[in-house]
1. Show the residues, 5+ positions off or on another chain, whose built amide H is closer than 5 Å to the amide H of residue 143.
2. Once both axes come from the Cα atoms, what is the angle between helix 359-377 and the longest principal axis of the chain, in degrees from 0 to 90, rounded to 10?
3. Among all lysine pairs in the chain that are eight or more places apart or on different chains, how many have alpha carbons less than 24 angstrom apart?
4. Would you kindly derive the ³J(HN,Hα) couplings of segment 39-50 from the backbone phi angles with the Karplus curve 6.51 cos²θ - 1.76 cosθ + 1.60 (θ = phi - 60°), listing them in order in whole Hz, with x for Gly and Pro?
5. Summing -39500 (n - 2.57) over the DSSP H runs of n ≥ 4 in the chain and dividing by its residue number, what mean residue ellipticity at 222 nm do you reach, to the nearest 500 deg cm²/dmol?
6. What shape does segment 466-520 have by the C-alpha gyration tensor, where a ≥ b ≥ c are the square roots of the eigenvalues, rounded means a/c under 1.5, and otherwise prolate means a/b greater than b/c and oblate the rest?
7. Quick one: what are the phi-derived ³J(HN,Hα) couplings along segment 396-407, Karplus 6.51/-1.76/1.60 with θ = phi - 60°, whole Hz, x for glycine and proline?
8. 5 Å is the cut-off here: which amide hydrogens, built 1.01 Å from N in the peptide plane, fall below it relative to residue 41, excluding neighbours closer than 5 in sequence?
Amino acid sequence: VPEPDDGPRPTPQEVLQRVWGYDAFRGDQAEIIDTLVAGGDALVLMPTGGGKSLCYQVPSLVRPGTGIVVSPLIALMQDQVDALSALGVRAGFLNSTQQPHERRAVEQAFLDSELDLLYLAPERLRVPDTVDLLDQGRIALFAIDEAHCVSQWGHDFRPDYLQLSMVHERWPDVPRIALTATATAATHAEIASRLQLEDAKHFVASFDRPNIQYRIAPKDNPRAQLVDLLRSEHPGDAGIVYCLSRASVEQTADHLVAAGIPALPYHAGLDRQVRARNQARFLREDGLVMVATIAFGMGIDKPDVRFVAHLDLPKSVEGYYQETGRAGRDGLPSTAWLAYGLADVVQQRRMIDTSDGDAAHRRRLTQHLDAMLALCETVTCRRVQLLNYFGQSGEPCGNCDTCLTPPESWDGTVAAQKLLSTIVRLDQRNQRYGVGHLVDILRGKTTPRVQQLGHATLSTFGVGTDLSDGEWRGVVRQLLAMELLAVDTDGYGTLRLSPLSSEVLRGDREVRLRREPERTGRSRGGSSG
Ligand code: ADP
Ligand code: ZN
């Protein structure tokens with residue numbers, strides 16, 4: 001019996017105008033949609049804000065049956081369904097947060113061909129009842145959102161994604177589309193193979209976000225720097241501030257509120273209801289600042305996020321790109337600002353050294369961190385560096401801090417040798433120290449500690465008066481970033497030689513360093529330097 005659905009179907013263009021009120025498709029949208037409407041598969045790499053949702057929503061309305069959207073973002077399903085319902089699209093979801101009667105109502109609607117879109121958490125597809133249900137209805141397509149979650153090497157890995165290839169085995173004739181906003185060449189290949197999308201049409205959009213201004217500033221009392229930034233450039237704007245720890249999230253949110261900036265905390269340690277309420281307020285109210293761990297943000301569709309600030313160093317370029325990508329989805333000028341200092345490098349190197357997992361795992365974490373550090377220390381365009389990381393090319397952008405105020409580089413070989421040979425001499429006495437004491441020695445300061453330890457007699461005592469404390473900290477930070485220097489795992493941030501240090505000490509390696517920008521006003525010598 002032919003279903004009523006089999007009548008004449010609207011075209012994608014008609015759906016776009018009638019349902020969304022938009023005039024034209026953007027970028028690859030039209031071609032992606034045509035591929036699915038014609039029954040083909042697609043793998044879509046498109047940056048945040050590029051318009052991925054329409055790529056599966058429109059063909060779900062054009063093709064007979066229901067579009068099944070697999071998404072890990074359970075917390076957002078209600079919002080997504082509400083937004084679609086407001087447009088007159090018949091949408092529902094099935095996940096663990098529902099009451100049995102709610103679930104049954106959605107299932108019945110699906111069976112009665114009354115749903116255009118059905119959102120599912122990936123773990124639902126492991127439940128035989130769900131698979132039986134899908135078998136009894138009519139499926140327009142499968143959309144696998146946040147497809148990078150299938151990558152075991154990535155930062156968002158979800159084991160339930162691994163079994164999504166079953167979709168293809170079970171329903172080989174149903175077109176599939178996998179979408180992600182984050183993919184290096186390696187992740188891209190992994191998505192294609194794990195989801196059996198090698199034969200799909202691949203659409204790779206430019207990862208450039210021209211309206212985002214990338215800036216990485218030396219960390220020097222980051223909360224005060226943040227307040228300065230928000231007051232001077234983003235008064236009244238909505239934005240996201242990322243911190244590494246829950247404690248730091250709470251303290252930073254309090255700090256902003258005390259400074260008269262409306263801010264809310266978000267982290268996994270907060271009560272579920274508090275989290276949901278803060279997220280809802282951030283989405284609905286104007287000019288709120290969300291201070292959060294990286295637990296916040298995936299799938300958040302708030303077009304007017306004017307800035308994303310990182311008070312701690314992200315662990316990878318993928319993470320940095322994804323988090324900063326939440327700024328400026330409406331295409332208007334936005335700021336991505338990161339405060340980065342010596343302590344970040346020390347902390348993350350140590351976290352990797354003491355992390356669980358085998359040597360290969362630690363090596364991978366180190367590669368991720370090294371790429372992030374290279375982005376921080378680059379003297380060339382940050383955007384070009386970002387694009388290169390994702391295998392794309394670009395021209396110096398004129399809209400990042402290194403383009404706007406090009407940093408000078410200088411030959412830091414001799415400075416590096418002075419520092420490293422001080423460490424060698426202390427090593428000979430079986431002594432190890434952190435950056436503060438080493439800089440005191442190099443700058444020839446007769447502190448009580450220097451006197452007590454007799455370090456004024458070291459041959460390198462006072463050989464570094466040509467550089468300021470801040471410049472020396474910059475040398476240490478950059479040597480750590482380049483792995484020409486290492487941090488002990490003792491937890492005190494003491495410094496030691498790395499396997500590469502000897503190349504510098506022997507004079508076999510030139511060390512080019514980024515000149516530290518002049519610091520203005522604020523207190524110097526903080527431990528965050
Ligand atoms: P992504 O999922 O890739 O981050 P979205 O699908 O959320 O991006 O789209 C980002 C914004 O752009 C949304 O507000 C969406 O409505 C809008 N948008 C997408 N495609 C178009 C289009 N063709 N014309 C106008 N606006 C669009
Ligand atoms: Zn640039």
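1. The list, which skips near neighbours in sequence, is 68, 69, 70, 177.
2. 80
3. Lysine pair count for the chain: 4.
4. After applying 6.51 cos²θ - 1.76 cosθ + 1.60, I find x, x, 9, 9, 10, 10, 10, 8, x, 3, x, x Hz.
5. So the calculated ellipticity at 222 nm is -11500 deg cm²/dmol.
6. Oblate, because a/c is 1.5 or more while a/b does not exceed b/c.
7. Going residue by residue, I get x, 8, x, 9, 9, 5, 6, 6, 6, 9, x, x Hz, with x marking Gly and Pro.
8. 176, 201
Just so you know, all these numbers are worked out from the coordinates, no wet-lab data involved. Computed from a prediction, not measured in an experiment: that's the story for all the values here. In this analysis, Cβ positions are derived from the backbone assuming ideal geometry, glycine residues included, and neighbour counts consider all displayed protein chains.
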